[in-house]
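The structure under discussion appears below in the form of structure tokens.
Only the coordinates and a few stated rules stand behind these numbers; no lab work does. Everything quoted here is computed from the prediction, not taken from an experiment. Every residue, glycine among them, receives a Cβ derived from its backbone with ideal geometry; neighbour counts consider all protein chains shown.
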Amino acid sequence: MTAQENLTTIEPVNGPLVGSISVPGDKSISHRAVLFAAMAEGTSRLSGVLDSEDVRSSLGAVSKLGAKVNLEKAPDGSLYGGITGWGVKGPSAPSEPIDCGNSGTTTRLLMGILAPWDIEVELTGDDSLRRRPMRRVSGPLSRMGAKFLPEDQDTLPLTIHGTRNLKALDYDAPVASAQVKTAILLAGLSADGTTRVTEPSPSRNHTELMLPEFGAHTTAASGVAEVVGPTTLKASEVVVPGDPSSAAFIACAAALIPGSAIQIEGVSLNPARIGFLRTLEQMGVDASRRSVSSSGKELSGIISVQYCDKLHGCEVPADKIPSLVDEVPVLALVAAHAKGITVFRGVDELRVKETDRVAAVIDGLAKIGVDAWADGSDLFIEGNPDLVIPEGVKFETGKDHRLAMTWALAGLSGNCPVQVADFESCAVSYPAFLSDIRSLVRER
Ligand SMILES: O=C(O)C1=C[C@@H](OP(=O)(O)O)[C@@H](O)[C@H](O)C1
Ligand SMILES: C=C(OP(=O)(O)O)C(=O)O
């Protein structure tokens, strides 16, 4: 660590987590609500939209492309209001590059959104985003007729030259990625005929659930999604439920902090997103869920989790990873406290997130004396139910929000303070993470 590094000290909580909480709006659904509203003809009404840096990247991008954004802050911290889309007239060419910040979702979905329009748009992002692979999206979109410059470059900055003559595509995706799938389907809305994406295992399906609400013809079965074009989206209404990926941090905190019993209300219970609950159950945690409502086709409800004093290791098969892909780091921390070995199979995709999250988990756990290792595509963690965190631990995060929250939780649930570098990056997805956890503490 150098002197200029930005370290936050995180103290252990001094009591169990007790009571109910709502987590902020789902990031994936918020991005889609903003982007689909921007593409649509008319004014869409949105509520419960996550106010975080990543969603602000999508809002900034659609404003630059000509959508009219009129969102306000609600008392609960979410955003609500109207977005008037560009509809049939299409996006306008921005005078400067669009900065997608830290957000892979903004970038990849925009590539599909811009592919059918005869304009040039340069997309760029922060240091982390400029290292992430984009050919997985530019490749299939090029087959549909769009051009990306520099040709064959995998990373941002990239300039997209769209075309009004996009061809429909039947695409066999090599990886399960909702961002790749969505980019192709969004481009396919403007192509003549059926565009189909087949995935090796099903990724999150928010796009397939939301597009029909905006008037698109979509069909979806497990691992296959189709749209029929050409079509123009029509304005709609979206109520964004709470984010299960944020809820996972609260749930894991409750599982680790003695005496805890919490409920998380109004959270998305989309089965493609709550794999972490199954994994916690497999580790011995008393975790349950109850559906109470739906917004469009998205289910939401209440998650309940209790402290577990007999955590044990488990095996997560590769085909379940998409349902908990962003939760692996925090589940790895729970596994570090469990008896025996936990294995996450097929986690290669984690290596191309905001950081290489496989390497980051192995390095971070080593700092607290826990053995973790990768073997091929699998991640192993040898847990220790009597884990004692050594004094003076400093966790690196590479400004990755999921790591910032994971290592903060190591301190919150541990025996002594820890330091977390660039903790503020939690604002990418969950700005109120620390205050939400602290609001649940029942002081001894
Ligand atoms: O489509 C989405 O909203 C997302 C899909 C996932 O990425 P991949 O599509 O790369 O798996 C996930 O990791 C990301 O946080 C959000
Ligand atoms: C990987 C993530 O997001 P994105 O790909 O949108 O940057 C995440 O939120 O953990």
Sort Arg442, Arg132 so that the residue with the fewest other Cβ atoms within 10 Å of its own Cβ comes first and the one with the most comes last. Arg442, Arg132
Among Lys89, Lys167, rank each residue by its count of other Cβ atoms within 10 Å, from fewest to most, as a rough exposure measure. Lys89, Lys167
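Taking 37 °C and 0.692 mPa s as the conditions, I'd like the Stokes-Einstein D for the chain in µm²/s, using the Kirkwood hydrodynamic radius from alpha carbon pairs.
149 µm²/s
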For region 214-268, what is the largest minus smallest coordinate of the Cα atoms on each principal axis, given in angstrom and ordered from greatest to least? 56, 27, 11
Everything considered on the Cα gyration tensor (a ≥ b ≥ c; rounded for a/c under 1.5, else prolate if a/b is larger than b/c, else oblate), region 27-230 must be described as rounded
Radius of gyration and Dmax for region 113-202's Cα atoms, expressed in Å? 12.6, 38
Which aspartates and glutamates have a Cα less than 12 Å from the Cα of Lys310, not counting those fewer than 8 places away in the same chain? Glu281, Asp286, Asp386
Apply the a/c threshold of 1.5 to the C-alpha gyration tensor of region 369-444 and tell me whether it is rounded, prolate or oblate. oblate
Spatially close lysines, pair count over region 27-230: Cα under 26 Å, gap of eight or more or interchain: 15
Once both label points are put 7 Å beyond Cα along the C-beta direction, the His161-Asn70 separation in nm becomes 3.8 nm
Over the chain, the sum of -39500 (n - 2.57) across DSSP H runs of at least four, divided by residue number and rounded to 500 deg cm²/dmol, gives at 222 nm -8000 deg cm²/dmol
Can you give the angle from 0 to 90° between the axis of helix 357-367 and the longest principal axis of the chain, with both taken from C-alpha atoms, to the nearest 10? 20 degrees
Grab the Cα-Cα distance for Arg45 and Leu149, subtract it from 0.36 nm times how many residues apart they are, and report the gain in nm with one decimal. 33.9 nm
Cβ density ranking, 10 Å radius, fewest first, applied to Cys252, Cys416, Cys314 yields Cys416, Cys314, Cys252
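Based on a Kirkwood Rh over C-alpha pairs, give the Stokes-Einstein translational diffusion coefficient of region 306-351 at 20 °C and viscosity 1.002 mPa s in µm²/s.
Details: Rh = 11.1 Å.
For these conditions, the coefficient is 192 µm²/s.
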Which lysines, if any, have their Cα less than 16 Å from the Cα of Lys394, not counting same-chain residues under 8 positions apart? Lys367
Rank Asp51, Asp386, Asp286 by mean-square fluctuation in a GNM of the chain with C-alpha springs under 10 angstrom and give only the top-ranked residue. Asp386
DSSP-defined antiparallel bridges as percent of all bridges, the chain, nearest 5: 75 percent
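In nm², what is the average projected area of the convex hull enclosing the Cα atoms of region 25-124? Present the calculation step by step, with values, prior to reporting the outcome.
Working: hull surface 22.3 nm².
Directional mean of the projected Cα hull area for region 25-124 stands at 5.6 nm².
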If you fit an axis through the alpha-carbon atoms of helix 178-188 and take the longest principal axis of the Cα set of the chain, what angle between them do you get, 0 to 90°, nearest 10? 10 degrees
Range in the chain, longest, excluding exposed GluC sites (Glu not before Pro) [loop by DSSP; at most 12 other beta-carbon atoms within 10 Å]: 152-390
Note the angle between two axes, namely the Cα long axis of helix 401-412 and the longest principal axis of the Cα atoms of the chain, as a number of degrees from 0 to 90, rounded to the nearest 10. 20 degrees
